[in-house]
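Undergrad: Dumping the structure here so I can ask a few things about it.
Only the coordinates and a few stated rules stand behind these numbers; no lab work does. What you see is a predicted model; the values in this text were computed from it and never measured. No Cβ is skipped: glycine too gets one built from the backbone with ideal geometry, and neighbour counts run over all protein chains shown.
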Amino acid sequence: MNEVEGKGKSLGYDVLFGRYVVGAIALIAIGLLLLALGLPKTETYTETIPVQVTRETEWNVTWYTFTPEGKWGAPVGYSTFPATFTYNWDKGKVYDDY
């Protein structure tokens with residue numbers, strides 16, 4: 001077999017292994033180069049479509065007195081409660097001095 005005939009044949013294990021090693025080293029070198037150039041670490045995204053955010057409901061409370069007859073009297077104050085609340089006034093004052 002002469003040299004010209006051997007060139008068209010399949011490559012040996014050593015040659016293929018050498019090409020993979022060179023390719024791997026080239027890939028690592030490119031990766032290190034990209035890291036050295038300082039690729040951006042974070043991205044910024046700006047929302048351009050208006051979005052309506054649901055706000056939790058609040059209760060607007062008007063505090064009233066009771067008349068001696070057990071009816072609603074005059075208002076004595078105002079408060080705002082969160083949508084979900086639990087208060088236990090027991091026998092204490094509920095609002096101000098009432």
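Undergrad: Quick one: which residues, 5+ away or cross-chain, put their amide H under 5 Å from the amide H of Tyr64? H built at 1.01 Å from N.
TA: Val76
Undergrad: Another question about this same structure. So how do Lys71, Lys91 line up by other beta-carbon neighbours within 10 Å, fewest first?
TA: Lys91, Lys71
Undergrad: Neighbouring Cβ atoms within 10 Å as the yardstick, rank Ile28, Ile49 fewest first.
TA: Listing Ile28, Ile49 from fewest to most nearby Cβ atoms yields Ile49, Ile28.
Undergrad: Provide the per-residue ³J(HN,Hα) series for the range 26-37, in order, calculated from phi with Karplus coefficients 6.51, -1.76, 1.60 and θ = phi - 60°, each as a whole number of Hz, with x at glycine and proline positions.
TA: These are the phi-based 3J(HN,Hα) values: 5, 5, 5, 4, 5, x, 5, 5, 5, 5, 5, 6 Hz.
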